[in-house]
Structures are given as C-alpha cells and as structure tokens.
Amino acid sequence: MTVDAIKETRPLKPATRIGFGWDSHEFQHGVPLKIGGLTLEHSKGLGGHSDGDVLLHAITDALLGAIGAPDIGTLFPPTDLQWKGADSVVFLREAQKRVREAGYALSNVDSSLILLAPKIGPQAATIRAHVAGLLGIPLDCVGLKAKTPEGIGTDNAAIANVVVLLEKRPAGGKPTAKAKNK
C-alpha cells in the first residue's frame, strides 16, 4: 500500500488522542502550597513563576500535547510578568478551550504525584474531587496516586506525571456512546 493510499483511508482526525504531562517545582519557604488548584497546609510551598501548582501544570501540558499544541511554557512564558503568581487554573482553562476547538473532549486523566511531604493520601479524595470539578468530568475518571521520592534525590521538590485520554466530539457536543464504542 502506498503512502497516498494510507492517507486516503485514514480519518482526518483520530477518534482518540493521548497526552502526557510532567512538571516539577522546588519547595520554598514563604509561598503557599498549591496542588490540584487547592491550597494545602505545609511549611513550604512550590516555587515557580506562577503559583507553582505541579499537578495543574502537568494536566495542562498533557491536554496541550494531546492536540499537538504549544506547551505551557510557550503559551505562558515565565519571562512575561503578567503570569507572575498567576492561578494555574487560568492555564488549565486555556488548554481546555484549545482541546474543545480542536474537536475533542477529555475522557479521563491519571496522575502520580511524587513528593516527600506533605502526605497526599489523607487529602487525595479532596484533590481528586476538585480536579474532576475543574475538568468537568466524573470523579471516577480522575486517578491520583501519591509516591515518595525514595532514592531519586528529589526530597525538596514535587513532581507530577499525568496522562490524559481525549475523544473526538461530534460537532457541538461531548463524545457520544456511539463514538466511545468505535
């Protein structure tokens, strides 16, 4: 089969797309700790040009990557003072808008947070629920795992890894049961 024949048989846009996001920030004194759009009690927060929310940054990059869009640092450069201290929900909303404009909807997100402290387990359900609300997807479509950085030398940082699954939307709507079964 020739390349042209393959191009003719392939749909213009794939029915599903996968995106991967990764972010890390170092802990610093004097700033609040933001994870998943929530402020958590801790003696240190995450440094960064914006609010340092590693989870929302990684979700944002995963969404943008799934549609082949520029990454968070390109769209919201740390050299631009308007993003100094910005709420990371602003970045997430832009990524969501771009996903919709590309003709996709978010099906699910799975994430891993890697940090020594604070312990995420006792707060995981609250973070998951908040992230599900921000993303507009059911709670059972948001995965959140917390790990400690044993042996990798990142005790003074928080790291987030995120994968997302997008599905093609019918014009003007969310994925249908029919589209999900294709």
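Worth pointing out:
- Selection count where residues are surrounded by 11 or more Cβ atoms within 10 Å (Cβ to Cβ) and outside any loop (DSSP other than H, G, I, E, B), scope region 138-154: 8
- Where Leu113 falls short, out of the listed (1) of a type outside the set (Lys, Arg); (2) within 22 Å of Val31 (Cα to Cα); (3) in contact with an Asp or Glu (Cβ under 7 Å, 6 or more places away or on another chain); (4) touching a residue at least 60 places away in the same chain (Cβ under 8 Å): (3)
- Region 124-145: number of residues that are in contact with a strand residue (DSSP E or B) (Cβ under 6 Å, 6 or more places away or on another chain) and either charged (D, E, K, R) or at pLDDT below 95 (or both): 2
- Scanning region 75-93 for residues that are under 20 Å from Asn108 (Cβ atoms) and either surrounded by fewer than 14 Cβ atoms within 10 Å (Cβ to Cβ) or of a type in the set (D, E, K, R) (or both) yields a single hit, Arg93.
- Odd one out for Ala117, checked against (1) within 18 Å of Gly21 (Cα to Cα); (2) surrounded by 13 or more Cβ atoms within 10 Å (Cβ to Cβ): (1)
- Candidates Asp80, Asp71, filtered to the one that is more than 15 Å from the chain's Cα centre (by Cα) and free of Cβ contacts under 8 Å to residues at least 12 places away in the same chain: Asp80
- Identity of the residue in region 30-47, in contact with a Lys or Arg (Cβ under 9 Å, 6 or more places away or on another chain) and more than 30 Å from Glu167 (Cβ to Cβ), that ends up surrounded by the most Cβ atoms within 10 Å (Cβ to Cβ): Leu46
- Boolean, Ile72 is at pLDDT 95 or above, aliphatic (A, V, I, L, M), farther than 20 Å from Ala129 by Cβ and surrounded by fewer than 21 Cβ atoms within 10 Å (Cβ to Cβ): no
- Counting only residues that are modelled with pLDDT under 95 and touching an Asp or Glu at 6+ places or on another chain (Cβ under 6 Å), region 20-50 holds 1 of them.
The values are calculated or read from the model by the stated rules, or taken from the named source; none is laboratory data. On a predicted model such as this, the values are computed, not experimentally measured, just so you know. Cβ atoms come from the backbone with ideal geometry, glycine included; neighbour counts cover every protein chain shown.
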